[in-house]
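S.K.: This is the structure I want to talk about, given as C-alpha coordinates.
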Amino acid sequence: MSARDYRLDRAKGILIFAVVLGHLMARTSPWESPVLGAPMYLIYSFHMPAFVFLAGITAKSNRLPERVLNFLVLLAAVLPLMWVWMWAFGLDPDYSFLTPFWYSWFLLSMAWWMITVPFIERFPRTMLVASLGVGLFGGVLPILDTELSAARTMAFWPFFVIGKLYGKQIIDWAGSLAIWQKLGLSFAALATVGYFYVDQVDHHWLYGSLNFAHFHVSIPEGVGLRLIMDIAAVLMTLALLSWLTDRNGLIAKIGKHSLAIYVLHGFVVRGLQPVLDGSRDVLPDAIVFLICLALAVVWTGVLSWTPFERALRWYASTASRLILKPFSALWSRTRWAASSPADSQDGPDAPAASGGLGGLGGIDGPEGPGFVDGSGDRDGEDAHPAAHDLAHPAPFEHYPLPGSHEVPQNAAYGSTQEVPAGSAQPTAQGTPQPETRNAAKHSATPHLGERSDRYRRLPVYLSTPPDDEDR
(Lines give C-alpha, C1' and ligand atoms only; values in the text may rest on other atoms or scores of the structure.)
Protein backbone atom coordinates (compact mmCIF):
# COMPACT_ATOMS: atom_id res chain seq x y z
CA MET A 1 0.00 0.00 0.00
CA SER A 2 1.40 3.39 -0.98
CA ALA A 3 2.38 5.74 1.81
CA ARG A 4 2.44 8.74 -0.50
CA ASP A 5 1.06 11.90 1.04
CA TYR A 6 -1.27 13.30 -1.58
CA ARG A 7 -1.54 16.56 0.31
CA LEU A 8 1.93 17.41 -0.97
CA ASP A 9 0.93 16.55 -4.54
CA ARG A 10 -2.26 18.57 -4.31
CA ALA A 11 -0.40 21.56 -2.88
CA LYS A 12 2.14 21.40 -5.71
CA GLY A 13 -0.68 21.03 -8.23
CA ILE A 14 -2.36 24.21 -7.01
CA LEU A 15 0.91 26.11 -6.81
CA ILE A 16 2.14 25.12 -10.28
CA PHE A 17 -1.18 26.31 -11.70
CA ALA A 18 -0.63 29.61 -9.88
CA VAL A 19 2.85 29.83 -11.44
CA VAL A 20 1.49 29.36 -14.95
CA LEU A 21 -1.36 31.83 -14.39
CA GLY A 22 0.94 34.41 -12.86
CA HIS A 23 3.45 34.23 -15.71
CA LEU A 24 0.70 34.50 -18.32
CA MET A 25 -0.80 37.53 -16.59
CA ALA A 26 2.64 39.09 -16.20
CA ARG A 27 2.83 39.43 -20.00
CA THR A 28 -0.14 41.85 -19.89
CA SER A 29 1.44 44.53 -17.63
CA PRO A 30 -1.03 43.72 -14.84
CA TRP A 31 0.37 45.67 -11.90
CA GLU A 32 -1.10 48.96 -13.10
CA SER A 33 -4.59 47.45 -13.35
CA PRO A 34 -6.89 47.24 -10.30
CA VAL A 35 -8.56 44.16 -11.80
CA LEU A 36 -5.41 42.27 -12.71
CA GLY A 37 -3.32 43.57 -9.84
CA ALA A 38 -5.41 41.88 -7.14
CA PRO A 39 -4.79 38.27 -8.30
CA MET A 40 -1.17 39.11 -9.03
CA TYR A 41 -0.58 40.29 -5.45
CA LEU A 42 -2.34 37.17 -4.21
CA ILE A 43 -0.26 34.79 -6.33
CA TYR A 44 3.13 36.41 -5.88
CA SER A 45 2.72 36.88 -2.14
CA PHE A 46 3.26 33.18 -1.47
CA HIS A 47 3.47 30.84 -4.46
CA MET A 48 7.28 30.55 -4.63
CA PRO A 49 7.90 30.59 -0.85
CA ALA A 50 5.32 27.80 -0.57
CA PHE A 51 7.03 25.84 -3.34
CA VAL A 52 10.38 26.24 -1.59
CA PHE A 53 8.78 25.05 1.66
CA LEU A 54 7.47 21.89 -0.04
CA ALA A 55 10.86 21.30 -1.66
CA GLY A 56 12.46 21.37 1.77
CA ILE A 57 10.09 18.68 3.06
CA THR A 58 11.29 16.09 0.55
CA ALA A 59 14.93 17.20 0.30
CA LYS A 60 17.52 14.59 1.34
CA SER A 61 21.28 14.52 1.49
CA ASN A 62 21.94 11.03 0.15
CA ARG A 63 23.24 10.89 -3.44
CA LEU A 64 23.79 14.60 -3.13
CA PRO A 65 26.15 15.17 -6.10
CA GLU A 66 23.63 13.92 -8.65
CA ARG A 67 20.72 15.68 -6.93
CA VAL A 68 22.53 19.00 -7.24
CA LEU A 69 23.71 18.26 -10.76
CA ASN A 70 20.15 17.47 -11.90
CA PHE A 71 19.14 21.08 -11.39
CA LEU A 72 22.25 22.40 -13.11
CA VAL A 73 21.70 20.07 -16.07
CA LEU A 74 18.13 21.32 -16.46
CA LEU A 75 19.33 24.91 -16.16
CA ALA A 76 21.99 24.35 -18.81
CA ALA A 77 19.34 22.92 -21.15
CA VAL A 78 16.62 25.51 -20.54
CA LEU A 79 18.73 28.63 -21.04
CA PRO A 80 20.00 28.09 -24.62
CA LEU A 81 16.67 26.63 -25.74
CA MET A 82 14.82 29.63 -24.31
CA TRP A 83 17.16 32.10 -26.00
CA VAL A 84 16.65 30.41 -29.39
CA TRP A 85 12.90 30.22 -28.77
CA MET A 86 12.63 33.93 -28.00
CA TRP A 87 14.70 34.94 -31.00
CA ALA A 88 12.34 32.87 -33.16
CA PHE A 89 9.43 35.01 -31.88
CA GLY A 90 11.33 38.26 -32.29
CA LEU A 91 11.81 38.79 -28.54
CA ASP A 92 14.89 39.97 -26.69
CA PRO A 93 16.21 37.23 -24.37
CA ASP A 94 18.27 39.79 -22.42
CA TYR A 95 21.23 37.44 -22.15
CA SER A 96 23.50 37.60 -19.10
CA PHE A 97 25.99 34.88 -18.26
CA LEU A 98 25.74 35.27 -14.47
CA THR A 99 21.99 35.90 -14.23
CA PRO A 100 19.56 33.00 -14.81
CA PHE A 101 16.93 34.11 -17.26
CA TRP A 102 13.45 34.69 -15.87
CA TYR A 103 11.94 31.61 -14.21
CA SER A 104 15.11 29.51 -14.47
CA TRP A 105 16.39 31.18 -11.27
CA PHE A 106 14.57 28.51 -9.27
CA LEU A 107 16.67 25.69 -10.74
CA LEU A 108 19.88 27.40 -9.69
CA SER A 109 18.53 28.30 -6.25
CA MET A 110 17.46 24.69 -5.71
CA ALA A 111 21.05 23.62 -6.37
CA TRP A 112 22.27 26.09 -3.74
CA TRP A 113 19.67 24.98 -1.20
CA MET A 114 20.39 21.29 -1.77
CA ILE A 115 24.05 21.86 -0.94
CA THR A 116 22.98 23.03 2.51
CA VAL A 117 20.88 19.94 3.29
CA PRO A 118 23.68 17.93 5.00
CA PHE A 119 24.40 20.91 7.24
CA ILE A 120 20.70 21.31 8.05
CA GLU A 121 20.56 17.65 9.06
CA ARG A 122 23.73 17.88 11.13
CA PHE A 123 23.20 21.31 12.74
CA PRO A 124 19.42 21.93 12.59
CA ARG A 125 19.11 24.75 15.12
CA THR A 126 22.19 26.58 13.93
CA MET A 127 21.08 26.41 10.30
CA LEU A 128 17.56 27.53 11.20
CA VAL A 129 18.88 30.64 12.95
CA ALA A 130 21.37 31.27 10.14
CA SER A 131 18.68 30.98 7.45
CA LEU A 132 16.40 33.42 9.26
CA GLY A 133 19.22 35.90 9.58
CA VAL A 134 20.25 35.54 5.95
CA GLY A 135 16.65 35.76 4.76
CA LEU A 136 15.97 38.99 6.63
CA PHE A 137 19.35 40.72 6.34
CA GLY A 138 20.64 39.35 3.04
CA GLY A 139 19.29 42.39 1.22
CA VAL A 140 21.82 44.53 3.05
CA LEU A 141 24.62 43.19 0.83
CA PRO A 142 24.85 45.54 -2.16
CA ILE A 143 26.93 43.16 -4.31
CA LEU A 144 24.38 40.34 -4.31
CA ASP A 145 21.35 40.82 -6.49
CA THR A 146 20.06 38.84 -9.47
CA GLU A 147 23.53 37.47 -10.23
CA LEU A 148 23.64 33.71 -9.66
CA SER A 149 20.18 34.02 -8.13
CA ALA A 150 21.85 35.13 -4.90
CA ALA A 151 19.16 37.47 -3.57
CA ARG A 152 16.30 35.02 -4.09
CA THR A 153 18.34 32.14 -2.71
CA MET A 154 18.88 34.08 0.51
CA ALA A 155 15.37 35.52 0.73
CA PHE A 156 13.59 32.16 0.38
CA TRP A 157 16.14 29.97 2.16
CA PRO A 158 14.28 30.09 5.53
CA PHE A 159 11.25 28.43 3.91
CA PHE A 160 13.45 25.60 2.65
CA VAL A 161 15.05 25.05 6.07
CA ILE A 162 11.71 25.18 7.90
CA GLY A 163 10.23 22.74 5.40
CA LYS A 164 13.15 20.37 5.89
CA LEU A 165 13.00 20.49 9.70
CA TYR A 166 9.30 20.92 10.48
CA GLY A 167 7.38 20.59 7.22
CA LYS A 168 5.50 17.38 7.95
CA GLN A 169 4.52 18.52 11.43
CA ILE A 170 3.28 21.84 10.03
CA ILE A 171 1.15 20.10 7.39
CA ASP A 172 -0.35 17.78 10.01
CA TRP A 173 -1.05 20.71 12.32
CA ALA A 174 -2.67 22.80 9.59
CA GLY A 175 -4.84 19.88 8.49
CA SER A 176 -6.03 19.25 12.05
CA LEU A 177 -7.48 22.74 12.52
CA ALA A 178 -11.19 23.17 13.04
CA ILE A 179 -13.27 24.85 10.35
CA TRP A 180 -13.51 28.12 12.26
CA GLN A 181 -9.73 28.12 12.73
CA LYS A 182 -9.16 27.53 9.03
CA LEU A 183 -11.51 30.38 8.20
CA GLY A 184 -9.75 32.68 10.65
CA LEU A 185 -6.33 31.77 9.26
CA SER A 186 -7.51 32.33 5.69
CA PHE A 187 -9.00 35.72 6.63
CA ALA A 188 -5.75 36.81 8.28
CA ALA A 189 -3.76 35.75 5.22
CA LEU A 190 -6.05 37.53 2.76
CA ALA A 191 -6.09 40.65 4.96
CA THR A 192 -2.30 40.82 4.90
CA VAL A 193 -2.19 40.46 1.12
CA GLY A 194 -5.02 42.97 0.85
CA TYR A 195 -2.85 45.51 2.65
CA PHE A 196 -0.17 45.11 -0.04
CA TYR A 197 -2.78 45.64 -2.74
CA VAL A 198 -4.49 48.64 -1.15
CA ASP A 199 -1.23 50.34 -0.20
CA GLN A 200 0.28 49.50 -3.61
CA VAL A 201 3.48 48.11 -2.14
CA ASP A 202 6.18 47.88 -4.78
CA HIS A 203 5.58 44.44 -6.28
CA HIS A 204 9.31 43.90 -6.78
CA TRP A 205 9.48 43.16 -3.05
CA LEU A 206 7.44 40.03 -3.75
CA TYR A 207 10.03 38.74 -6.20
CA GLY A 208 12.78 38.65 -3.56
CA SER A 209 15.32 39.26 -6.33
CA LEU A 210 16.62 42.71 -5.39
CA ASN A 211 18.62 44.10 -2.50
CA PHE A 212 17.60 47.01 -0.26
CA ALA A 213 19.69 49.50 -2.23
CA HIS A 214 17.40 49.05 -5.23
CA PHE A 215 14.41 50.31 -3.22
CA HIS A 216 16.33 53.19 -1.63
CA VAL A 217 15.27 52.22 1.89
CA SER A 218 17.22 52.12 5.13
CA ILE A 219 18.33 48.83 6.62
CA PRO A 220 15.66 48.80 9.39
CA GLU A 221 12.95 49.61 6.86
CA GLY A 222 14.18 46.98 4.44
CA VAL A 223 14.38 44.30 7.13
CA GLY A 224 10.89 45.27 8.36
CA LEU A 225 9.36 45.03 4.90
CA ARG A 226 11.06 41.69 4.26
CA LEU A 227 9.68 40.42 7.57
CA ILE A 228 6.16 41.53 6.61
CA MET A 229 6.49 39.77 3.26
CA ASP A 230 7.62 36.58 4.98
CA ILE A 231 4.72 36.72 7.44
CA ALA A 232 2.26 37.11 4.57
CA ALA A 233 3.84 34.15 2.76
CA VAL A 234 3.65 32.02 5.91
CA LEU A 235 -0.01 32.86 6.50
CA MET A 236 -0.97 32.17 2.89
CA THR A 237 0.96 28.88 2.88
CA LEU A 238 -0.67 27.73 6.11
CA ALA A 239 -4.10 28.71 4.82
CA LEU A 240 -3.56 26.65 1.67
CA LEU A 241 -2.26 23.63 3.60
CA SER A 242 -5.16 23.74 6.04
CA TRP A 243 -7.72 23.08 3.30
CA LEU A 244 -5.89 20.22 1.58
CA THR A 245 -7.24 16.67 1.62
CA ASP A 246 -5.16 13.51 1.37
CA ARG A 247 -6.69 11.96 -1.71
CA ASN A 248 -5.58 11.26 -5.24
CA GLY A 249 -7.09 12.99 -8.27
CA LEU A 250 -6.43 15.39 -11.11
CA ILE A 251 -4.85 18.07 -8.92
CA ALA A 252 -2.57 15.47 -7.34
CA LYS A 253 -1.57 14.21 -10.78
CA ILE A 254 -0.69 17.74 -11.84
CA GLY A 255 1.41 18.09 -8.70
CA LYS A 256 3.28 14.85 -9.44
CA HIS A 257 4.15 16.16 -12.90
CA SER A 258 4.94 19.72 -11.86
CA LEU A 259 8.57 19.42 -12.98
CA ALA A 260 7.59 19.19 -16.64
CA ILE A 261 4.97 21.90 -16.22
CA TYR A 262 7.44 24.27 -14.64
CA VAL A 263 10.21 23.74 -17.19
CA LEU A 264 8.00 23.70 -20.30
CA HIS A 265 5.42 26.35 -19.46
CA GLY A 266 7.97 29.11 -20.02
CA PHE A 267 8.13 28.28 -23.71
CA VAL A 268 4.33 28.46 -23.92
CA VAL A 269 4.18 31.79 -22.13
CA ARG A 270 6.86 33.36 -24.29
CA GLY A 271 5.23 31.99 -27.42
CA LEU A 272 1.98 33.73 -26.40
CA GLN A 273 3.72 36.92 -25.38
CA PRO A 274 3.24 38.79 -28.71
CA VAL A 275 -0.51 38.29 -28.32
CA LEU A 276 -0.74 38.99 -24.60
CA ASP A 277 1.40 42.12 -24.69
CA GLY A 278 -1.26 44.24 -26.37
CA SER A 279 -4.35 42.47 -25.05
CA ARG A 280 -5.29 45.22 -22.59
CA ASP A 281 -5.34 47.76 -25.40
CA VAL A 282 -8.25 46.05 -27.12
CA LEU A 283 -10.01 44.11 -24.34
CA PRO A 284 -11.32 44.97 -20.86
CA ASP A 285 -9.13 43.87 -18.01
CA ALA A 286 -11.73 41.39 -16.74
CA ILE A 287 -11.79 39.64 -20.14
CA VAL A 288 -7.99 39.55 -20.21
CA PHE A 289 -8.00 37.87 -16.82
CA LEU A 290 -10.52 35.25 -17.98
CA ILE A 291 -8.44 34.56 -21.09
CA CYS A 292 -5.29 34.10 -19.00
CA LEU A 293 -7.23 31.88 -16.61
CA ALA A 294 -8.49 29.68 -19.45
CA LEU A 295 -5.02 29.46 -21.01
CA ALA A 296 -3.55 28.48 -17.65
CA VAL A 297 -6.10 25.69 -17.20
CA VAL A 298 -5.54 24.31 -20.69
CA TRP A 299 -1.76 24.43 -20.72
CA THR A 300 -1.35 23.16 -17.17
CA GLY A 301 -3.42 20.14 -18.19
CA VAL A 302 -1.53 19.61 -21.45
CA LEU A 303 1.92 19.89 -19.89
CA SER A 304 0.98 17.46 -17.11
CA TRP A 305 0.95 14.67 -19.71
CA THR A 306 2.99 11.81 -18.24
CA PRO A 307 5.44 11.35 -21.19
CA PHE A 308 6.65 14.96 -20.73
CA GLU A 309 7.51 14.29 -17.11
CA ARG A 310 9.17 10.96 -17.84
CA ALA A 311 11.26 12.33 -20.70
CA LEU A 312 12.45 15.31 -18.69
CA ARG A 313 13.38 13.25 -15.67
CA TRP A 314 15.11 10.65 -17.83
CA TYR A 315 17.17 13.36 -19.50
CA ALA A 316 18.19 15.03 -16.23
CA SER A 317 19.03 11.75 -14.50
CA THR A 318 20.90 10.27 -17.47
CA ALA A 319 22.93 13.40 -18.16
CA SER A 320 23.87 13.73 -14.50
CA ARG A 321 25.02 10.11 -14.25
CA LEU A 322 27.07 10.40 -17.43
CA ILE A 323 28.80 13.50 -16.09
CA LEU A 324 29.52 11.81 -12.77
CA LYS A 325 30.51 8.44 -14.24
CA PRO A 326 34.26 9.23 -14.30
CA PHE A 327 34.06 9.85 -10.56
CA SER A 328 32.22 6.61 -9.76
CA ALA A 329 35.39 4.84 -8.62
CA LEU A 330 36.14 7.68 -6.22
CA TRP A 331 32.63 7.61 -4.79
CA SER A 332 32.76 3.83 -4.40
CA ARG A 333 36.04 4.03 -2.52
CA THR A 334 34.70 6.80 -0.29
CA ARG A 335 31.56 4.81 0.52
CA TRP A 336 33.68 1.73 1.31
CA ALA A 337 35.99 3.70 3.58
CA ALA A 338 33.13 5.43 5.40
CA SER A 339 31.30 2.15 6.02
CA SER A 340 34.45 0.21 7.03
CA PRO A 341 33.82 -1.57 10.36
CA ALA A 342 37.15 -0.44 11.84
CA ASP A 343 36.38 3.20 11.16
CA SER A 344 32.73 3.42 12.13
CA GLN A 345 30.82 0.62 13.91
CA ASP A 346 32.33 -2.38 15.69
CA GLY A 347 31.01 -5.09 13.42
CA PRO A 348 29.59 -5.89 10.02
CA ASP A 349 26.10 -6.22 11.43
CA ALA A 350 25.97 -2.70 12.84
CA PRO A 351 23.04 -0.67 11.50
CA ALA A 352 23.81 1.87 8.82
CA ALA A 353 23.36 5.48 9.80
CA SER A 354 21.15 7.67 7.70
CA GLY A 355 21.86 11.12 6.38
CA GLY A 356 25.33 12.40 5.66
CA LEU A 357 26.64 13.52 2.36
CA GLY A 358 25.06 10.82 0.25
CA GLY A 359 26.42 9.17 -2.85
CA LEU A 360 24.87 9.54 -6.23
CA GLY A 361 21.26 10.18 -7.00
CA GLY A 362 18.67 12.79 -7.78
CA ILE A 363 15.61 12.60 -9.96
CA ASP A 364 15.22 8.86 -10.11
CA GLY A 365 13.99 8.36 -13.62
CA PRO A 366 10.47 8.59 -14.99
CA GLU A 367 8.75 7.42 -11.82
CA GLY A 368 10.20 10.09 -9.55
CA PRO A 369 7.97 12.35 -7.48
CA GLY A 370 6.33 15.58 -8.57
CA PHE A 371 8.14 18.86 -8.51
CA VAL A 372 11.87 19.33 -8.56
CA ASP A 373 12.10 18.98 -4.82
CA GLY A 374 15.46 17.45 -4.27
CA SER A 375 14.20 14.14 -2.96
CA GLY A 376 14.16 11.99 -6.05
CA ASP A 377 12.49 9.23 -4.06
CA ARG A 378 9.01 7.82 -4.32
CA ASP A 379 6.75 8.03 -1.31
CA GLY A 380 9.47 9.46 0.87
CA GLU A 381 11.80 6.45 0.64
CA ASP A 382 15.29 6.28 -0.77
CA ALA A 383 15.68 4.43 -4.03
CA HIS A 384 19.10 3.27 -2.76
CA PRO A 385 18.89 3.32 1.04
CA ALA A 386 22.38 1.90 1.52
CA ALA A 387 24.10 4.39 -0.78
CA HIS A 388 25.70 7.00 1.43
CA ASP A 389 29.19 8.35 1.92
CA LEU A 390 29.52 9.90 5.33
CA ALA A 391 27.32 8.65 8.15
CA HIS A 392 26.27 10.69 11.16
CA PRO A 393 27.81 9.61 14.47
CA ALA A 394 25.77 7.37 16.71
CA PRO A 395 23.14 9.20 18.80
CA PHE A 396 24.34 10.38 22.18
CA GLU A 397 21.95 8.14 24.08
CA HIS A 398 23.82 5.07 22.81
CA TYR A 399 26.85 5.98 24.89
CA PRO A 400 27.28 4.38 28.34
CA LEU A 401 26.40 6.52 31.32
CA PRO A 402 29.29 8.25 33.14
CA GLY A 403 30.81 5.97 35.77
CA SER A 404 29.33 2.85 34.23
CA HIS A 405 31.46 -0.14 33.18
CA GLU A 406 28.83 -1.25 30.70
CA VAL A 407 30.33 -1.81 27.27
CA PRO A 408 27.46 -2.01 24.75
CA GLN A 409 28.06 -3.91 21.56
CA ASN A 410 28.83 -1.70 18.55
CA ALA A 411 29.23 1.39 20.74
CA ALA A 412 31.36 4.31 19.60
CA TYR A 413 33.60 5.98 22.18
CA GLY A 414 35.04 9.44 22.14
CA SER A 415 37.91 8.47 24.47
CA THR A 416 39.96 5.50 23.27
CA GLN A 417 43.40 4.00 23.51
CA GLU A 418 45.29 2.38 20.66
CA VAL A 419 46.80 -1.11 20.98
CA PRO A 420 48.47 -3.30 18.38
CA ALA A 421 46.00 -5.32 16.37
CA GLY A 422 47.58 -8.64 17.34
CA SER A 423 47.51 -8.15 21.10
CA ALA A 424 44.99 -9.63 23.49
CA GLN A 425 42.03 -7.63 24.70
CA PRO A 426 41.73 -7.32 28.51
CA THR A 427 38.39 -8.13 30.06
CA ALA A 428 36.74 -6.19 32.88
CA GLN A 429 38.44 -8.60 35.35
CA GLY A 430 41.86 -7.97 33.82
CA THR A 431 42.29 -11.48 32.37
CA PRO A 432 43.65 -11.44 28.81
CA GLN A 433 41.42 -13.18 26.32
CA PRO A 434 42.19 -14.09 22.70
CA GLU A 435 40.68 -11.95 20.05
CA THR A 436 37.29 -12.89 18.77
CA ARG A 437 36.78 -14.02 15.21
CA ASN A 438 35.00 -10.74 14.46
CA ALA A 439 37.91 -8.58 15.64
CA ALA A 440 40.42 -10.75 13.78
CA LYS A 441 38.46 -10.33 10.59
CA HIS A 442 38.44 -6.57 11.06
CA SER A 443 42.19 -6.43 11.65
CA ALA A 444 42.74 -8.40 8.43
CA THR A 445 40.49 -6.11 6.40
CA PRO A 446 42.52 -3.76 4.17
CA HIS A 447 42.08 -0.06 4.88
CA LEU A 448 43.00 3.14 3.13
CA GLY A 449 45.24 4.35 5.95
CA GLU A 450 48.24 2.56 7.45
CA ARG A 451 47.19 3.53 10.96
CA SER A 452 43.96 1.54 10.84
CA ASP A 453 45.92 -1.54 9.62
CA ARG A 454 48.18 -1.70 12.66
CA TYR A 455 45.84 -0.54 15.38
CA ARG A 456 42.34 -1.04 16.61
CA ARG A 457 40.52 1.08 19.18
CA LEU A 458 39.47 -0.07 22.64
CA PRO A 459 37.38 1.92 25.10
CA VAL A 460 39.16 3.56 28.00
CA TYR A 461 37.18 2.65 31.10
CA LEU A 462 36.36 5.37 33.57
CA SER A 463 37.89 3.24 36.34
CA THR A 464 41.37 3.24 34.77
CA PRO A 465 43.99 3.95 37.48
CA PRO A 466 45.21 7.57 37.57
CA ASP A 467 48.82 6.57 36.96
CA ASP A 468 48.02 4.83 33.70
CA GLU A 469 50.34 6.18 31.00
CA ASP A 470 47.60 6.49 28.39
CA ARG A 471 45.30 8.47 30.61
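The values are calculated or read from the model by the stated rules, or taken from the named source; none is laboratory data. Just so we're clear, the structure is a prediction, and the values are computed from it rather than from any experiment. In this analysis, Cβ positions are derived from the backbone assuming ideal geometry, glycine residues included, and neighbour counts consider all displayed protein chains. For accessibility, only protein heavy atoms count, side chains too; no ligands or nucleic acids. Shrake-Rupley method; radii C 1.70, N 1.55, O 1.52, S 1.80 Å.
S.K.: Set the bar at 21 Å for Cα to Cα. Now go through 12/168; 12/325; 12/253; 168/256; 60/253; 253/325 and name every pair that lies beyond it.
M.R.: 12/325; 60/253; 253/325
S.K.: Once the piece of chain linking residue 228 and residue 148 is laid out straight, how much longer is it, given 0.36 nm per residue of separation minus the C-alpha distance between them?
M.R.: That works out to 26.3 nm of additional length.
S.K.: Can you give the convex hull volume of the alpha carbon atoms of the range 184-234 per residue, in Å³?
M.R.: Dividing the Cα hull volume of the range 184-234 by its residue count gives 72 Å³.
S.K.: Roll a 1.4 angstrom probe over the protein heavy atoms and tell me the percent of accessible area of the range 147-186 that is carbon or sulfur.
M.R.: 68 percent
S.K.: Still on this model: Using a 1.4 Å probe over the heavy atoms of the protein chains, calculate the carbon and sulfur portion of the accessible area of the range 1-84 as a whole percent.
M.R.: 73 percent
S.K.: Applying a 10 Å radius around every beta-carbon, put 310-322, 61-73 in order of their mean neighbour count, most first.
M.R.: Those peptides, ordered most packed to least, come out 61-73, 310-322.
S.K.: If you don't mind, another one. Near residue 13, within a Cβ-to-Cβ distance under 10 Å, what is the net charge of the other residues, with Lys and Arg +1 and Asp and Glu -1?
M.R.: With Lys, Arg at +1 and Asp, Glu at -1, the neighbours total +3.
S.K.: What net charge do the residues around residue 175 carry, taking every other residue with its C-beta under 15 Å from that of residue 175, with Lys and Arg at +1 and Asp and Glu at -1?
M.R.: In short, +1.
S.K.: I would also like to ask the following. Summing +1 for each Lys or Arg and -1 for each Asp or Glu, what net charge is found among the other residues whose Cβ lies under 14 Å from the Cβ of residue 189?
M.R.: Residues near residue 189 contribute 0 overall.
S.K.: In Å and whole numbers, how far do the C-alpha atoms of the range 59-212 stretch along each principal axis, longest first?
M.R.: Each principal axis gives a Cα extent; for the range 59-212 these are 52, 44, 31 Å.
S.K.: Also: Just the projected area, averaged over all directions, of the convex hull on the alpha carbon atoms of the range 10-61: how many nm²?
M.R.: Quarter of the Cα hull surface area: 4.0 nm².
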